[in-house]
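To start, the structure under review is shown below, and the notes come after it.
The values are calculated or read from the model by the stated rules, or taken from the named source; none is laboratory data. Because the structure is a prediction, the values reported are computed rather than measured. Positions of Cβ are backbone-derived with ideal geometry, glycine not excepted, and every protein chain shown enters the neighbour counts. Note: accessible area is taken over every heavy atom of the protein model, side chains too, but ligands, DNA and RNA are not part of it. Shrake-Rupley method; radii C 1.70, N 1.55, O 1.52, S 1.80 Å.
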Amino acid sequence: MQLYPAIDLKGGACVRLTQGMFDNVKKYSDTPQEMAKLWAEQGASFLHLVDLDGAVAGESVNAPALKAIRDSIHIPIQVGGGIRSVETVKNMLNMGIDRCIIGTKAVKEPEFIKELIQKFGAEAIVVGIDAKKGMVAVEGWGEVSNVLAKDLAMEMVRMGVKHVVYTDILRDGMLSGPNVEYTKLLTDQTGIEIIASGGMSSMDDLENLHNAGVKGAIIGKALYEKKIDLAEAIKKYE
């Protein structure tokens, strides 16, 4: 199971939100690149970055912080938040970002994902499916659509997608455990890598995901609040 330490960027700083609410922010570092180096030193083999400002603005906002992180470490990086155009994807990949995560645009224009995969390859494109009670949310989680998460996942498979980040918004930042049941359902239904996100709180959570056959897990607040030891988790699950 691939583990992804998470760095969420807001105003150039490393922060965590609770349930995606921008009025519930906790700052952990003013130098995200140092945080990235810390996770790399502890054995991280992939990083998950989110441009929170970009998710709301609809375009990349924290590019300088992303570049500082990219320049400070040598492990692969995936980035989400406000990536809604071919040009932005191209710029990210040219910066050295390995995977771009597309959320809102995947819901509103599924054919856009097919275009990106044809242009950049399936390994460079990840779809972010963020859901509240099984319904997909868009626009930085500010708007809930009438699309079922499992239906979108299957449509993305038809578009050639190989990697999906599934986030249960109501669990995000709550340290209440991930939605193992639904993540397993998506994994079994699609046959692709579904990366669990939201609510990771302990080694038991990782064990439950691993036992369910889930292929990836994003760990955010649990690392910053020292609920999960990254080096120990990597040794056990990677």
Failed item in (1) surrounded by 18 or more Cβ atoms within 10 Å (Cβ to Cβ); (2) part of a helix (DSSP H, G or I); (3) in contact with a Lys or Arg (Cβ under 8 Å, 6 or more places away or on another chain), with Met156 passing the rest = (3)
Regarding Gly177, is this residue more than 19 Å from Gly80 (Cα to Cα), assigned to a loop (DSSP other than H, G, I, E, B) and out of contact with any Pro (no Cβ under 9 Å at 6 or more places or on another chain)?
-> yes
Strands (runs of 3 or more DSSP E) contained entirely in region 63-149, each with at least 3 residues that are farther than 19 Å from Gln2 by Cβ = 125-132, 135-138, 143-148
What are the residues in region 30-58 that are in contact with a Gly (Cβ under 8 Å, 6 or more places away or on another chain) and in a helix (DSSP H, G or I), if any?
-> Pro32, Leu52, Asp53, Gly54, Ala55, Val56, Ala57
Could you give me the residue pairs with C-beta distances under 8 Å whose first residue belongs to region 100-112 and is open to solvent by 40 Å² or more (accessible area, probe 1.4 Å), whose second residue is at pLDDT 90 or above wherever it lies, and which are 6+ apart or on separate chains?
-> Lys105/Ile83; Lys105/Arg84; Lys105/Phe112; Lys105/Ile113; Glu111/Met159
Residue check: is Ser176 surrounded by fewer than 19 Cβ atoms within 10 Å (Cβ to Cβ) and at pLDDT below 95?
-> yes
Out of the residues in region 185-209 that are under 16 Å from Ser45 (Cβ atoms) and not β-branched (Val, Ile, Thr), which is least open to solvent (accessible area, probe 1.4 Å)?
-> Leu206
Flagged pairs (Cβ under 9 angstrom, 6 or more apart or on separate chains; first in region 206-223, within 22 Å of Ile101 (Cβ to Cβ) and touching a residue at least 60 places away in the same chain (Cβ under 8 Å); second of a type in the set (Gly, Ala, Ser) and open to solvent by 20 Å² or more (accessible area, probe 1.4 Å)) are Lys221/Ser201
